[in-house]
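The next block holds one structure in the form of structure tokens; read it before the comments.
Quick note: the coordinates plus some simple rules give every number you see, no bench work behind them. Quantities reported herein were computed from a predicted structural model and do not represent experimental measurements. With ideal geometry, Cβ positions are generated from the backbone for all residues, glycine too; neighbour counts draw on all protein chains shown.
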Amino acid sequence: MISSITRTQLHYLDILIQQGSFGRAAEHLSISQPALSMQIQRLEELCGSALVNRSSRPIQATPFGSSFLPMAQSVLRRFGAMEDLIQDAQSTVSGPLRLAVIPTIAPYVLPAVLPHFNQAFPDVKLHVEELPTEALVHALLQEHLDVGLIALPIVQPLTHLKVHTLWDEALWAYHPPEQFSDAIPLETLEAWPTYLLAKGHCLREHVLGLCDPNSLDQDSSLHYESGSLESLMRLVDVQGGITIIPDMARAYLSDDRRLRQTSAVLSPLATRQIVLISKNNSHKKKRIESLKLSLMSYTSKNPPCAKPIPT
């Protein structure tokens, strides 16, 4: 009887549990609600047991369904891996690719890279989302993503992940106009109120590793954290203090603001490494390599902001 179970039925069950209602699941799948209900009922008949509790809100798996669903998801992943392997063996680069990018890279790199990538590889269906580092690594390990664009160093171990090196870039202090005339030593930086990104962002951890965390904000009554570098820079503009920005964000400032409001930090740690990360056993090697090529084109078009690392 198990031979009669279809991949479509397993997929519909997975989406139904994710969405929590027949209506939302049907809309997500672009099918009618009766068609979805019929497939779930047929799957339950083949299993000889109910898989979902239709009276719960949101709809949840029954005890049997809770045991059945992880196996169904494993089967779906294997089907996906087979498709990826077949697509990767073709002469053209094609197929879906799920990419996540951290917020301190996405607004600066993606507008420059995505048009080039779409033009060069039109058969790749690229799905992009923005995630902080911690959530991105977790999603990649759970196979909800295929590849992530992040900056090193990070706190999380990258065991079972492949690191594709792209480039290094400098970190800069952003401050009120003409607050500093020269590069800033670390001891000077630590004496000023420094605004940080929120927890989960790798640049926050990098700044805490660069400076003594006990010294940051020591003389300020305002303790502000944000998920946006732009918000932190606006805060510095009106409140004073310092925030740390990467070279790619500095490149988007006007010439006047770059000259008067940014200073180098005198430390070999004032740099970060931009990398792609993917699962070691990914069958989307061609798609990932194609994305890497497009990202490396960013370094050639933006030489002040990106220094390629020899491979």
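Counting neighbouring beta carbons within 10 Å and listing from fewest to most, the residues TYR298, TYR174 come out as TYR298, TYR174.
If you add up the charges near GLN60, with Lys and Arg at +1 and Asp and Glu at -1, over every other residue whose beta carbon is less than 15 angstrom from its beta carbon, what do you get? Computed value for this residue: +1. Available extension along the chain between ASP237 and GLN156 is 25.9 nm, counting 0.36 nm per residue and deducting the alpha carbon span.
Here the extension length gained between SER55 and ILE31 equals 6.5 nm, from 0.36 nm per residue of separation less the Cα-Cα distance. Counting charges near THR262 (Lys, Arg +1; Asp, Glu -1) among other residues having Cβ under 13 Å from its Cβ returns a value of -2.
When each of the peptides 228-239, 196-207 is scored by the mean number of other C-beta atoms lying within 10 Å of its residues, the order from highest to lowest reads 196-207, 228-239. Residues considered: ASP88, ASP256, ASP146. Largest GNM mean-square fluctuation over the chain, using C-alpha springs under 10 Å, is found at ASP256. Each part gets one Cα centre, and for the range 141-209 versus the range 40-81 those centres are 42 Å apart.
Under the simplified labelling scheme, the GLN142-SER297 pair shows an inter-label distance of 3.3 nm, with each label point 7 Å from Cα along Cα→Cβ. Protection proxy ranking of 74-86, 109-121, by the mean of other Cβ atoms within 10 Å over each peptide's residues and highest first, is 109-121, 74-86.
Computed from point charges on the beta carbon alone (+1 for Lys and Arg, -1 for Asp and Glu), the dipole magnitude for the range 26-137 about its Cα centre is near 280 Debye. Given R0 = 30 Å, the distance between the Cβ atoms of ALA198 and LEU114 translates into a calculated FRET efficiency of 0.70.
Listed from fewest to most Cβ neighbours within 10 Å, the set THR271, THR133, THR6 follows the order THR6, THR271, THR133. The peptide list 31-44, 90-103, put in order of mean Cβ contacts within 10 Å with the highest first, becomes 90-103, 31-44.
Please compare each pair in LYS162/LYS286; LYS162/LYS199; LYS199/LYS286; LYS199/LYS285; LYS125/LYS279; LYS125/LYS284 to a cut-off of 22 Å on the Cα-Cα distance and tell me which ones are over it. Violating the 22 Å limit, Cα to Cα: LYS162/LYS199; LYS199/LYS286; LYS199/LYS285. Cross-link reach is defined here as a Cα-Cα straight distance under 15 Å, omitting same-chain residues fewer than 8 places apart; for LYS292 the aspartates and glutamates meeting it are ASP146, ASP168. The modelled label-to-label distance for the pair ARG7/LEU186, using points 7 Å beyond Cα in the direction of Cβ, is 5.3 nm.
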